[in-house]
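What follows is a short report on a single structure.
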Amino acid sequence: MSERTASQPNTDRSRRRLRVVLDVALSDAAACPLEEIDGEVTAVRHQYTGDDCHADVTVAPACPDDDRSDVMHVATQTTESCLCCVFSDHGCVPQITAVAADTITVETYLADRTTLTDLVADLKAVANTVSLTHLTRLAADDQSGDSHTHVTLDLFKLTDKQREAAAAAVAKGYYATPRGADLSDLATALGISKSAVSQRLSAVESKLATSAFTEAQQSAGSAP
């Protein structure tokens, strides 16, 4: 009896340092079949293989008294303008977390800010708008030895320039302890002055603090 030699697959492992959440308003060219699902989409299990995209879509019951959800399977052939293809081109695994009207919310993990910049640029080429709404830095600088530093920013209410500055600050460890970058580093990365970076980050922090305080007040006011 001949012996079988198990072939070892080529494996590429790399650390993902950023978690991002993107709201993507789709164009006609990048239309997704998930948009055609009737009802409230509550969960999506998504798989992209070759030229085919498969998704199991959980839809909330139309009647509030019905506790049974429908699960729809959607299969379609992809094109270069499909969102899943764009994410795949950048080595990202997209997780669709919400579908509303013509906007799809996608969560994914990235290696660095350069990948984020390139990904957003390519998404904008096939979508109407792309908004970075949440950004989490998963690990501090290697020099710090702290792999448990998490910094999350809710970027929904920021301008594009403020969002760009915030993304750079989180990605490069400006908010880490100890800091992995200073204003000079951020200014160099963004191609602007230190004062401009400082002004943008001040606006970011002010908006985020105001938003958090407002939400806390609203939660306290609605509590029984």
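The values are calculated or read from the model by the stated rules, or taken from the named source; none is laboratory data. If you're wondering where the values come from, they're calculated on a predicted model, not measured in any experiment. Note that we place each Cβ from the backbone using ideal geometry, even for glycine, and neighbour counts take in every protein chain shown. Keep in mind that these areas ignore ligands, DNA and RNA; they rest on the heavy atoms of the full protein, side chains included. Shrake-Rupley method; radii C 1.70, N 1.55, O 1.52, S 1.80 Å.
Worth pointing out:
- Yes/no for Y109 being in contact with a helix residue (DSSP H, G or I) (Cβ under 8 Å, 6 or more places away or on another chain) and within 29 Å of R16 (Cα to Cα): no
- Condition broken by D112, with the remaining ones in (1) more than 13 Å from the chain's Cα centre (by Cα); (2) open to solvent by 60 Å² or more (accessible area, probe 1.4 Å) satisfied: (1)
- In region 166-175, the residues that are assigned to a loop (DSSP other than H, G, I, E, B) and either free of Cβ contacts under 8 Å to residues at least 12 places away in the same chain or open to solvent by less than 10 Å² (accessible area, probe 1.4 Å) (or both): G173
- Hey, D51 exposed (fewer than 13 other Cβ atoms within 10 Å of the Cβ), over 23 Å from A125 (Cα atoms) and not hydroxyl-bearing (S, T, Y) or not: no
- Just one of the numbered conditions (1) closer than 28 Å to A25 by Cα; (2) at pLDDT 75 or above; (3) not aliphatic (A, V, I, L, M) is not true of T210: (2).
- Residue count for region 88-115, restricted to those that are in a helix (DSSP H, G or I) and hydrophobic (A, V, I, L, M, F, W, C): 0.
- Residues satisfying the stated conditions in region 1-31, i.e. at pLDDT below 80, surrounded by 10 or more Cβ atoms within 10 Å (Cβ to Cβ) and out of contact with any strand residue (DSSP E or B) (no Cβ under 6 Å at 6 or more places or on another chain): A29, A31
- Test: residue in region 58-68 that is under 21 Å from the mean Cα position of the chain (by Cα), on the phi < 0 side of the Ramachandran plot and assigned to a loop (DSSP other than H, G, I, E, B): no
- Qualifying residue in region 69-87 (condition: in contact with a Leu (Cβ under 6 Å, 6 or more places away or on another chain), hydrophobic (A, V, I, L, M, F, W, C), modelled with pLDDT of 85 or more and crowded, with 17+ Cβ neighbours inside 10 Å): yes
- Residue match in region 135-154 (condition: at pLDDT 85 or above and among the hydroxyl-bearing types (S, T, Y)): no
- Output for region 17-37, where each listed residue is among the basic types (K, R) and either out of contact with any Asp or Glu (no Cβ under 9 Å at 6 or more places or on another chain) or assigned to a strand (DSSP E or B) (or both): R19
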